[in-house]
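Enquirer: Would you mind keeping the following structure in view while I ask a few things?
The values are calculated or read from the model by the stated rules, or taken from the named source; none is laboratory data. The structure displayed is predicted, hence computed values, not measured ones. Every residue, glycine among them, receives a Cβ derived from its backbone with ideal geometry; neighbour counts consider all protein chains shown. We work out accessible area using only protein heavy atoms, side chains counted, and drop any ligands, DNA or RNA first. Shrake-Rupley method; radii C 1.70, N 1.55, O 1.52, S 1.80 Å.
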Amino acid sequence: IDSQSLELLNVLDAEIHELAKRRKTIELGLAKGIESNELVLDFQPVEDLKTGLVCGLEALVRWTHPELGRIMPCEFIGVAEDSGLIDALGDWVIESTSRAILELHQQGFPLWCAVNCSAGQLLNPDFPNKAQKALQEAGLDPRWIEFEVTESAAIDDMTRTVEALKKLKLQGSQIAMDDFGTGYASLNYLRQLPVDVLKIDKSFVMDLLEDKNSHMIVKAVIDLAHALGMVVHAEGIETAEQRASLIQMGCDRLQGYWFSRPMDLAALQIWLSQHTAT
Ligand code: C2E
Ligand code: CA
Ligand code: CA
Ligand code: CA
C-alpha cells in the first residue's frame, strides 16, 4: 500500500470515527434534549390553490444541541423511534404546536397546522386521548390540527391504525397520508384508511417535468384521490413550472420552497403579516 492510499485510509477512518461519535452524542443527549426544551419547531406555509393564499402550516421539529448546534430531524427521529423516546418527542411537538397555533389565531391568522406522527406513536393505544388532552389544555379546537401519518404504521398493524385514526377524526382533527407513493401497497391501504388529505411525495414532483411516467402517475393519483373524496396536497414544489403543472392537474394545495421555506415562529409571524390581508 503506497503512502497516498494510506493517507486516504486515515482520512476515511477519521471521518467514520467522527460520524460514529456524532451518532453516539445524539443518542446520549436526546432524552435530556427533549426534557430541557432544546427542541424547536419550524413551520412551513401551505398554499391553497383556489385562492393563492396561505391556508395552513406543517410543524417540523429541529434540535438545538448544546455542542453540535442545529440538528435536522433526519438525524434524530430514527434515534427517537429506536430508543423509545418518540412518544415523549411527539407529545412535545403536539403541545408546542398547539401553543403556537393558538398564538397565531390570537394575532388574527386563522391557520390549521399539520403535525407528523411516527408509526410508534400512532400504535400506542393512548395516543388519541393524549393528543386530545394536550389540545384541550392548550385551549385549541382539534379541528385546527391535521395528523400526518405514513403508510408504515398501517403496514405494521392495519386494525390498530384504523382504530387510532377514527378516534382522532371523531375528536374533530383531519388525517393526512404523508409521503404518498413511497411506501408499499399504497392504493390498497388508501381504500381502507380514513384519510382526508393525500400528500404526494416530493420525489414525484421532482420528476414531474422530465419524466412522462411520473406525470401520468401524479395525474392518476390526483384523480383517484378526488374520486375518494380526498384533498390533494403536493409537497416539494420548488419551481413555477412544477406549480403550473400541478395546478393544471387539479391539485388542491401546494407546499415547497417556491411558496416558502420552513421558518421559526418569529419569522413566520413577519412572513404572515406580509402575505395575508388582515
Ligand atoms: P416530511 O414530513 O416529508 O417533511 C417535509 C420535508 O421536506 C421537510 O424536511 C421540509 O423542510 C422539506 N421541504 C419542504 N419543501 C421542500 C422543497 O421545496 N424541496 C425540498 N427538497 N425539500 C422541501 P425536514 O424538516 O428536514 O423534515 C424531514 C422529515 O423529518 C419529515 O419529512 C418528517 O418525516 C420528519 N419529521 C419532521 N418533524 C417531525 C416530527 O415532529 N415528528 C416526526 N415523527 N417526524 C418529523
Ligand atoms: Ca410530513
Ligand atoms: Ca412528506
Ligand atoms: Ca418525507
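Enquirer: Just checking, how many residues over the range 248-275 are in contact (Cβ under 8 Å) with a residue 12 or more places away in the chain, open to solvent by 40 Å² or more (accessible area, probe 1.4 Å) and away from ligand 1 (no atom under 16 Å from the Cβ)?
Expert: Final tally of qualifying residues: 3.
Enquirer: Sticking with this one: Mind telling me which of the residues P128, P110, P142 ends up being modelled with pLDDT of 95 or more, open to solvent by 50 Å² or more (accessible area, probe 1.4 Å) and more than 14 Å from the chain's Cα centre (by Cα)?
Expert: On the way: P128 fails: open to solvent by 50 Å² or more (accessible area, probe 1.4 Å); P142 fails: open to solvent by 50 Å² or more (accessible area, probe 1.4 Å).
Only one candidate passes the filter, namely P110.
Enquirer: Would the range 25-33 turn up any residue that is touching a residue at least 40 places away in the same chain (Cβ under 8 Å), closer than 29 Å to W112 by Cβ, in contact with a Leu (Cβ under 7 Å, 6 or more places away or on another chain) and open to solvent by 30 Å² or more (accessible area, probe 1.4 Å)?
Expert: Looking through the range 25-33, none of the residues is touching a residue at least 40 places away in the same chain (Cβ under 8 Å), closer than 29 Å to W112 by Cβ, in contact with a Leu (Cβ under 7 Å, 6 or more places away or on another chain) and open to solvent by 30 Å² or more (accessible area, probe 1.4 Å).
Enquirer: Another question about this same structure. On the given criteria, is S203 within 16 Å of ligand 4 (Cβ to nearest atom), in contact (Cβ under 8 Å) with a residue 12 or more places away in the chain, surrounded by fewer than 20 Cβ atoms within 10 Å (Cβ to Cβ) and under 25 Å from I94 (Cα atoms)?
Expert: It is false that S203 is within 16 Å of ligand 4 (Cβ to nearest atom), in contact (Cβ under 8 Å) with a residue 12 or more places away in the chain, surrounded by fewer than 20 Cβ atoms within 10 Å (Cβ to Cβ) and under 25 Å from I94 (Cα atoms).
Enquirer: Within the range 81-107, work out how many residues are open to solvent by 50 Å² or more (accessible area, probe 1.4 Å), within 14 Å of ligand 1 (Cβ to nearest atom) and over 19 Å from E146 (Cα atoms).
Expert: Here the count works out to 4.
Enquirer: Separate question: Taking only the range 55-80 into account, find how many residues are touching a residue at least 60 places away in the same chain (Cβ under 8 Å) and open to solvent by 20 Å² or more (accessible area, probe 1.4 Å).
Expert: Of the residues in the range 55-80, 2 are touching a residue at least 60 places away in the same chain (Cβ under 8 Å) and open to solvent by 20 Å² or more (accessible area, probe 1.4 Å).
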